[in-house]
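What follows draws every value from the coordinates through simple rules; no lab data is involved. Predicted model only: the values in this text are computed from it and were never measured. So basically every Cβ, Gly included, is an ideal-geometry build from the backbone, and we count neighbours across all protein chains shown.
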Amino acid sequence: MEQWKRTVAVWIMTAILFCGIPRPLAAWGQETPGELHAGFAVLIDGDTGRVLYGKNEKEIRPMASTTKIMTCILALELGNLDDEVTFSSKAVSQPEVHLGAQKGEAFSLRDLLYSLMLESHNDTAVAVAEAVGGSVEMFCHMMNEKAREIGCENTCFLTPNGLDQTVTDENGTTLLHSTTASDLSRMMAYCVWQSSERTAFLKITRTQNYSFSNKSGSRTYSCYNHNAYLEQDPEAVSGKTGFTGEAGYCYVAAVESKGRHLVAAVLGCGWPPHKTYKWSDIRRLFAYGREHFHKERLRQDICLPEIPVTGGIAASKDPSEKVSVALKTGENMKKPEILLADGEKIRVEQTIEKVLSAPVKKGQKVGEITYYVGDWAAEKIPVVAASDVPSYTWSWCLEWMINIFFNK
């Protein structure tokens with residue numbers, strides 16, 4: 001009997017070794033993108049921010065020069081492209097990679113944003129921050145405010161260029177220049193699809209080569225775009241690389257594929273000599289998104305009930321008639337289409353008042369419709385009264401009795 005048990009155990013172990021242990025599945029039952037080099041990675045729906053796949057995506061990490069997507073979009077939103085930017089002693093003291101401008105050398109903000117995003121120049125980032133924010137510290141404060149505004153709760157900007165930095169604030173708290181893969185992807189989605197300056201951002205980050213001169217015309221500079229993924233993927237629309245000793249290789253990118261907006265980010269994606277790991281990881285993430293997620297329209301032909309109204313006056317003016325009010329949706333959908341994994345279903349739930357008390361005003365909110373995918377609320381739409389329902393008053397009652405008396 002014992003020999004038989006040992007034989008079965010050997011066969012089971014052999015099957016596991018040769019067939020492999022099944023890979024983990026995503027929450028909706030689809031296979032994951034596979035083994036990634038990055039310690040921290042995410043793929044999101046750029047329209048809703050929904051995480052489609054995550055690997056330690058909420059862990060706080062340094063993000064190197066991917067920082068510069070926020071530097072660039074803030075400069076575009078708050079600055080003027082024709083503004084003159086002069087390099088200070090602080091700017092020229094920044095380590096490589098740098099433009100190499102001299103103290104007092106002046107440029108247009110427009111030209112420097114190409115230096116910032118194509119070559120990732122650290123001195124340019126400081127010069128831009130000082131010109132737009134008044135100081136590096138104030139500009140970083142503005143970066144953090146923008147991060148919170150767009151829903152990035154675990155991001156801390158201490159520099160405009162992404163160099164590793166740790167400081168202790170007045171409360172004794174240690175702060176690290178850092179973000180999460182999830183927050184970084186949200187920032188890219190904002191830059192590419194939501195910001196009022198998204199067109200200018202895309203124009204800069206998609207340019208392959210750019211040359212410019214300083215304001216005096218005494219020196220000319222050339223920039224080359226180091227975002228190789230733009231050439232590897234015809235659906236890529238933007239991206240930014242980064243590397244520091246603490247952060248490792250980092251990358252964030254956005255693609256548009258068959259109406260789908262996808263953003264992927266990787267942090268801690270290897271250290272030298274593994275510079276190409278980020279490209280293979282990003283390809284895996286986007287391939288996973290393209291293969292397993294599709295666009296689906298949310299139903300808009302929702303049947304809404306009429307709600308009874310107590311103390312209300314009927315259209316016929318007959319006090320004995322029961323009164324109700326028709327309903328309608330209060331506004332158009334913000335996201336009429338969402339990304340779903342293969343096999344996922346949309347669940348529609350209505351939360352509506354059962355009875356109303358007069359007076360009821362047209363447009364008064366009485367409930368909402370929620371579209372769920374699993375536990376995620378994909379869209380919420382208010383439900384409102386379609387018309388007014390006035391309430392009884394002493395003057396109305398008196399007028400009604402007079403009319404009844406004289407009609408008789």
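In straight Cα distance, which lysines are under 30 Å from Lys322, not counting same-chain residues fewer than 8 positions off?
Straight-distance partners of Lys322: Lys354, Lys361, Lys362, Lys365, Lys408.
How much length, in nm to one decimal, is gained on full extension between Arg299 and Glu170, taken as 0.36 nm per residue of separation minus their Cα-Cα distance?
Full extension from Arg299 to Glu170 adds 41.2 nm.
Calculate for the chain the 222 nm mean residue ellipticity that helices alone would give, adding -39,500 (n - 2.57) per DSSP H run of length 4 or more and normalising by residue count, nearest 500 deg cm²/dmol.
Helix contribution divided over all residues of the chain: -8500 deg cm²/dmol.
At 7 Å along the Cα-to-beta-carbon direction for both Ser89 and Ser216, put a label point, then send me their distance in nm to one decimal.
It is 1.9 nm.
Which distance in nm do the two modelled labels at Glu77 and Lys335 give, with both placed 7 Å along the Cα-to-Cβ direction?
Placing both labels 7 Å along Cα→Cβ, they lie 2.0 nm apart.
Given a Förster distance of 30 angstrom, what is the FRET efficiency for Glu321 paired with Thr351, based on the Cβ-Cβ distance and rounded to 0.05?
It comes to 0.60.
May I ask for the net charge around Ala106, where only other residues with Cβ less than 12 Å from the Cβ of Ala106 are counted and Lys, Arg are +1 while Asp, Glu are -1?
Every neighbour counted, the sum reads -1.
In whole Hz and in residue order, list the ³J(HN,Hα) couplings for the stretch 384-390 that follow from phi through the Karplus curve 6.51 cos²θ - 1.76 cosθ + 1.60, θ = phi - 60°; x for Gly and Pro.
Working through the residues one at a time gives 10, 5, 7, 7, 7, 10, x Hz.
Classify the stretch 40-294 as rounded, prolate or oblate, taking a ≥ b ≥ c as the square roots of the eigenvalues of its Cα gyration tensor: rounded when a/c is under 1.5, otherwise prolate if a/b is larger than b/c and oblate if not.
It comes out prolate by the Cα gyration axes.
For the chain, what proportion of DSSP beta bridges, expressed in % and rounded to the nearest 5, is antiparallel?
On the way: 65 of 67 bridges.
In the chain, DSSP labels about 95 percent of beta bridges as antiparallel.
Local charge sum around Leu76 (other residues, Cβ-Cβ under 13 Å, Lys/Arg +1, Asp/Glu -1)?
+1
Taking the Cα centre of the chain as origin, sum charge times position over the Cβ atoms of Lys and Arg (+1) and Asp and Glu (-1), and report the length of that vector in debye to the nearest 20.
860
Would you kindly state how much longer the chain becomes between Lys361 and Tyr224 on full extension, computed as 0.36 nm times their sequence separation minus their alpha carbon distance, in nm to one decimal?
The span from Lys361 to Tyr224 would gain 43.3 nm if fully extended.
Which of the aspartates and glutamates could a cross-linker span from Lys55 if the Cα-Cα distance has to be under 16 Å and same-chain partners fewer than 8 positions apart are dropped?
Qualifying aspartates and glutamates at Cα under 16 Å: Glu31, Glu35, Asp45, Asp183, Asp281.
7 Å from Cα along Cα→Cβ at both Glu291 and Glu256: what's the point-to-point distance in nm?
2.6
If Lys and Arg each add +1 and Asp and Glu each add -1, what is the summed charge of the other residues whose beta carbon sits under 10 Å from the beta carbon of Val97?
Value of the local net charge: -3.
Using Cα pairs closer than 8 Å and at least 6 residues apart in sequence, work out the relative contact order for the chain, in percent.
It comes to 15 percent, rounded to a whole number.
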